[in-house]
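To start, the structure itself, in structure tokens.
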Amino acid sequence: MNVKELARTCGFSAAAGNASLQRPVTSVYCCDLLSFAMGRAPEDSAWITVMGNINSVAVASLADVACIVLSDGVQPDEAMLTKAQQQDIAVLLSDRPAFETGLAIHEAIRA
Amino acid sequence: MTLNFVVPGDDFTRAGEASGAVKQKMKQLGFPSDVIRKVSIALYEGEINMVIHAGGGQVDVEISQDAIDLVLTDHGPGIADIEQAMQDGFSTAPDHVRDLGFGAGMGLPNMKKYSDEFHLESEVGVGTTVRMRIYNH
């Protein structure tokens, strides 16, 4: 399943991403502490966080995750969106809390 | 191959430029992804540290087939107690940095964890130099 299909299946909207929307998603990871996430988020994972700022884009790029999913209705700030577009990091938005967001992704990629 | 970067102080929007560029270059050169990841994380933590604590600094990277050497130099306040600074969870980062998802006291420990050789020299009032080597296995 790719990022775009994941967004459609789970009802997330895409706030950023071009070619990255075609990237495969193979797992899901959840953490808001950036120093933790950058070392532990698996490659090609959907990374769930409430950190809607520019540093999340840098961490997503370094960890090579498939996409960032902002949970709990968090909106990305302008700097994050600009950076995400520049670096083509897909950013999805979920209204649901982190656990429910992660569960939905888990079920979608296992289906 | 040598790469040099200036890390501007207090500018989170530009932290990650050095690690991003080094990552890109290493990808082009065909390094294994786990080696790239170690270098990227160690360097990004260093960049963030220089932005938060030192008013910026200088990053010098030497890429060879066998190893990647990272030298991070700043002229910030220096570290009074290096042993304490190296402890997991110890941080002097201000609240606004914590609100951004940093300041958990993992920067230096992560740099040590993801590098194969790690040396830190610091003098209060003069600055800090971190040297890291990551081997290409």
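Which members of the stretch B:75-134 meet the condition of being assigned to a loop (DSSP other than H, G, I, E, B), farther than 22 Å from A:A58 by Cα and among the hydroxyl-bearing types (S, T, Y)?
B:T92
Whether any residue in the stretch B:78-94 is at pLDDT below 95 and closer than 19 Å to B:P8 by Cβ is what I want to check.
Looking through the stretch B:78-94, at least one residue is at pLDDT below 95 and closer than 19 Å to B:P8 by Cβ.
Of A:A79, A:A58, A:A108, A:A15, which residue is of a type outside the set (S, T, N, Q), in a helix (DSSP H, G or I) and more than 28 Å from B:M26 (Cα to Cα)?
A:A108
Being over 23 Å from B:N110 (Cβ atoms), touching a Lys or Arg at 6+ places or on another chain (Cβ under 9 Å) and either modelled with pLDDT under 95 or surrounded by fewer than 24 Cβ atoms within 10 Å (Cβ to Cβ) (or both), is that true of even one residue in the stretch A:72-89? Please lay out each step first, then the result.
Our first condition is that a residue be over 23 Å from B:N110 (Cβ atoms); within the stretch A:72-89, this holds for A:72-79, A:81-82, A:84-86, A:88.
Cutting the leftovers down to touching a Lys or Arg at 6+ places or on another chain (Cβ under 9 Å) gives us A:72-73.
Next cut, either modelled with pLDDT under 95 or surrounded by fewer than 24 Cβ atoms within 10 Å (Cβ to Cβ) (or both) only: A:72-73.
Yes, there is a match, as at least one residue in the stretch A:72-89 is over 23 Å from B:N110 (Cβ atoms), touching a Lys or Arg at 6+ places or on another chain (Cβ under 9 Å) and either modelled with pLDDT under 95 or surrounded by fewer than 24 Cβ atoms within 10 Å (Cβ to Cβ) (or both).
Given the condition of a type in the set (S, T, Y), farther than 15 Å from B:I41 by Cα and more than 10 Å from chain A (Cβ to nearest Cβ), answer yes or no: does some residue in the stretch B:112-127 qualify?
Yes, there is a match, as at least one residue in the stretch B:112-127 is of a type in the set (S, T, Y), farther than 15 Å from B:I41 by Cα and more than 10 Å from chain A (Cβ to nearest Cβ).
Kindly indicate the residue of the stretch A:18-38 that is without any contact (Cβ under 8 Å) to a residue 12 or more places away in the chain and in a helix (DSSP H, G or I) and also surrounded by the fewest Cβ atoms within 10 Å (Cβ to Cβ) among those meeting that condition.
A:F36
Take the stretch B:74-100 and flag every residue that is touching a helix residue (DSSP H, G or I) at 6+ places or on another chain (Cβ under 6 Å) and closer than 16 Å to B:K113 by Cβ. It would help to see each step written out before you state the result.
If we filter the stretch B:74-100 for residues that are touching a helix residue (DSSP H, G or I) at 6+ places or on another chain (Cβ under 6 Å), which is where we start, we get B:74, B:76, B:79, B:85-86, B:88, B:90, B:93, B:97, B:100.
Selection gives B:A85, B:M86, B:D88, B:F90.
The values are calculated or read from the model by the stated rules, or taken from the named source; none is laboratory data. Here the structure is a predicted model, which means the values were calculated and not measured. Quick reminder, even Gly has a Cβ in these numbers, built from the backbone with ideal geometry, and neighbours come from all protein chains shown.
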